[in-house]
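Here the structure is laid out as structure tokens; the discussion comes afterwards.
Laboratory data are not the source of any read-out in this text; all were calculated from the coordinates shown. Predicted model, so just to flag it, every value in this text is computed and none were measured. No Cβ is skipped: glycine too gets one built from the backbone with ideal geometry, and neighbour counts run over all protein chains shown.
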Amino acid sequence: MKDDKVKKLIAAEEKRQREGLELIPSENYVSRDVLDAMGSVFTNKYSEGFPGKRYYGGQINTDKVEQLAIDRAKALFGADHANVQSHSGAPANEAVYHAWCEPGDTIMGMELSHGGHLTHGRPGTISAKLFNFVRYGIKDIETGEIDYDAMLSVAKKTKPKLIIAGFSSYPRELDYAKFAEIGKEVNAVLMADMAHIAGLIAGKAAKNPLDYGFHIITTTTHKTLRGPRGAMILSMGQVSNPLKPVDKTVQNLPTLIDRMVFPGIQGGPHMHTIAAKAVAFGEAATPDFQEYCQRILKNSKRLADELMKRGFKLITNGTDNHLILADVKTSFDLDGGEVEEVLDKIGLTLNKNVIPDDPLPPFKPSGIRLGTPAITTRGLKEDDMAQVAEWMHQAVKNRNDAKKLDLLSNEVREFCLQFPLPSDN
């Protein structure tokens with residue numbers, strides 16, 4: 001690379017990743033093959049439209065690589081259709097909202113502080129300005145059980161056209177059968193925002209909402225799916241020509257969604273990213289990936305146990321998936337930002353996060369969110385989780401001791417250098 005400034009920043013970021021542990025549950029490390037596809041000559045090509053139905057010429061290879069990504073995604077999740085063009089998770093969700101709903105329609109999603117995502121109706125977002133969002137949430141913070149009775153009651157009163165199952169900071173598994181019962185009761189389309197756990201679903205380590213009657217899955221393609229930064233939308237129904245209008249029926253959801261992704265929300269797809277998605281989907285179809293997903297869960301449960309032994313109060317007292325939510329205000333009388341900052345100093349990266357009904361503001365919340373997808377990719381195993389928890393505890397306990405933090409930072413660095421980045425291979 002001839003641009004020395006950018007070259008140095010890339011090298012600095014690689015060094016940061018190599019010498020620390022990534023505990024943010026929405027991040028991961030991709031393979032060298034995924035990186036190579038991302039940096040390929042597909043980045044040069046405009047490909048507005050869909051395979052076999054493009055607006056520009058020269059599409060013989062783009063059609064093939066996008067169809068490969070579509071076919072692999074459908075096979076991974078058992079879907080009738082896959083749109084792999086969405087640039088990221090937020091516009092993927094927006095595409096579904098606009099494909100099925102009209103402005104003013106009601107959409108039901110998880111209470112934001114209970115684990116829902118900002119695209120599920122956070123005030124200030126475009127979707128919140130256009131649609132009427134109603135909420136469901138946790139009934140028991142100690143177990144994480146969703147209040148399905150209250151959810152049904154709200155659904156009967158408000159008649160949502162769309163019900164979203166999904167989260168960004170919920171450590172337990174949802175009961176998709178109960179979602180399906182409620183959806184059937186009020187005649188709502190069911191959408192699962194599986195951005196966080198799509199990899200676990202593909203790897204047979206988590207339940208697949210499509211098996212319970214859901215109509216749509218939206219997901220990012222990074223996180224547990226371990227692909228490039230991007231998104232896709234999986235749907236059930238009849239696949240037809242996306243360039244021709246169809247009636248707004250549940251059976252036509254695949255075509256309604258395609259038409260809303262393009263030309264509704266975005267123009268040209270990023271073909272280099274779609275090529276990388278195809279690579280990642282191929283990797284996710286292997287027995288090795290299934291074993292990886294099982295290791296994520298084992299590491300997550302062990303890390304949760306080790307943290308609780310050291311005085312961390314965990315929301316729902318543990319985890320069923322890849323992520324952990326800790327109430328550090330109750331545990332150590334610190335806000336999540338303070339804990340995030342001190343752990344950054346020793347090379348452990350996680351994020352501050354609200355907890356259910358958090359009394360503190362979003363930018364100084366009571367909690368932290370962490371998880372095991374990236375460190376599991378890196379090669380850490382169950383027995384390493386005690387060390388990670390101990391470093392976290394020592395950093396919090398000695399947060400005002402610069403010398404102790406330096407010692408911890410050196411320990412973390414020496415440990416991390418034993419585990420190459422996947423892109424080194």
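Here the Gaussian network model covers the chain, with springs between Cα atoms less than 10 Å apart; of K329, K397, K207, K397 fluctuates the most.
FRET efficiency for the R413 to D175 pair, using the beta carbon distance and R₀ = 41 Å, is estimated at 0.45. Placing unit charges on each Cβ (+1 for Lys and Arg, -1 for Asp and Glu) gives the chain a dipole about its Cα centre, and among V134, P373, M308 the Cα reaching farthest toward its positive end belongs to V134.
Projected area of region 11-147, taken from the Cα convex hull and averaged over every viewing direction, in nm²?
Details: hull surface 51.5 nm².
Orientation-averaged projected area of the Cα hull: 12.9 nm².
Here region 170-238 was treated as a single set of alpha-carbon atoms; its pair distances binned every 5 Å from 0 give 4, 17, 27, 25, 17, 8, 3, 0 percent. Extension gain, D333 to R32, is 104.1 nm, computed as 0.36 nm per intervening residue step minus the present C-alpha separation. P(r) tail for region 282-374: Cα pairs beyond 19 Å make up 43% of the total.
Only four residue types carry charge here, +1 at the Cβ of Lys and Arg and -1 at the Cβ of Asp and Glu. Report the dipole size of region 33-284 about the Cα centre in Debye, rounded to the nearest 20. Working shown, then result.
Values: 26 positive and 25 negative charges, 93 e Å.
So the dipole magnitude of region 33-284 works out to roughly 440 debye.
Each Lys and Arg Cβ is given +1 and each Asp and Glu Cβ -1; about its Cα centre, the chain then shows a dipole of about 740 debye.
Along each principal axis, taking the top coordinate minus the bottom one, the Cα set of region 33-284 gives 54, 36, 33 Å in descending order. Taking every DSSP helix (H) stretch of at least 4 residues in the chain, weighting each as -39,500 (n - 2.57) and dividing the sum by the residue count yields a mean residue ellipticity at 222 nm of -12500 deg cm²/dmol. Across the alpha-carbon atoms of region 313-357, the computed radius of gyration and Dmax are 10.8, 30 angstrom.
What pairs from K309/K404; K74/K184; K329/K352; K329/K364 go past 20 Å between their alpha carbons? Those over the limit are K309/K404; K74/K184.
Sparse packing (at most 14 other Cβ atoms within 10 Å of the Cβ) combined with a DSSP loop state is found for the following chymotrypsin sites (Phe, Trp or Tyr not before Pro) in region 319-425: F363. Taking a ≥ b ≥ c as the square roots of the eigenvalues of the alpha carbon gyration tensor, region 108-213 is rounded, as a/c is under 1.5. For region 305-425, the Cα-based Rg and Dmax, in that order, read 14.3, 46 Å. Using 0.36 nm per residue and subtracting the Cα-Cα separation, the extra length available between K139 and S88 on full extension is 15.2 nm.
Within a 10 angstrom radius of the beta carbon, how do M194, M38, M110 rank from fewest other beta carbons to most?
Listed from fewest to most nearby Cβ atoms, that is M38, M110, M194.
With R₀ set to 25 Å, the beta-carbon distance separating V250 from K157 gives a calculated FRET efficiency near 0.65. Comparing G144, F77, N321 along the charge dipole axis of the chain, the residue lying farthest to the positive side is F77, per the Cβ-charge model. Note on region 15-60: percent of Cα-Cα distances in each 5 Å bin, starting at 0 and stopping at the bin with the largest distance, equals 5, 16, 14, 15, 15, 11, 9, 8, 6, 1. As a calculated quantity, the FRET efficiency between A128 and K2 at R0 = 56 Å, using C-beta atoms, amounts to about 0.80.
Full extension of the chain between D147 and Y55 yields a length gain of 28.3 nm, computed as 0.36 nm times the residue separation minus the alpha carbon distance.
Give a quick list of chymotrypsin sites (Phe, Trp or Tyr not before Pro) in region 102-141 that DSSP marks as loop, anything other than H, G, I, E or B, with at most 16 other Cβ atoms within 10 Å. Could the numbers behind the result be given before it?
Details: sites: F131, F133, Y136; in loops: F131.
Within region 102-141, no chymotrypsin sites (Phe, Trp or Tyr not before Pro) qualify (loop, at most 16 other Cβ atoms within 10 Å).
Using the Cα centre as the reference, give the magnitude of the dipole from point charges on the C-beta atoms of region 297-424 (Lys, Arg: +1; Asp, Glu: -1; all else neutral), rounded to the nearest 20 debye. It would help to have the intermediate numbers written out before the result.
Numbers: 18 positive and 21 negative charges, 19 e Å.
That gives region 297-424 a dipole magnitude of about 100 debye.
Using only Cα atoms, what is the ratio of the radius of gyration of the chain to 2.2 N^0.38 Å? Mind dumping the intermediate values first?
Details: Rg = 21.7 Å, N = 425, 2.2 N^0.38 = 21.9 Å.
It is 0.99.
Ranking G203, S169, I60 by Cα position along the charge dipole of region 33-284, where only Lys, Arg, Asp and Glu carry charges on their C-beta atoms, puts I60 farthest toward the positive end.
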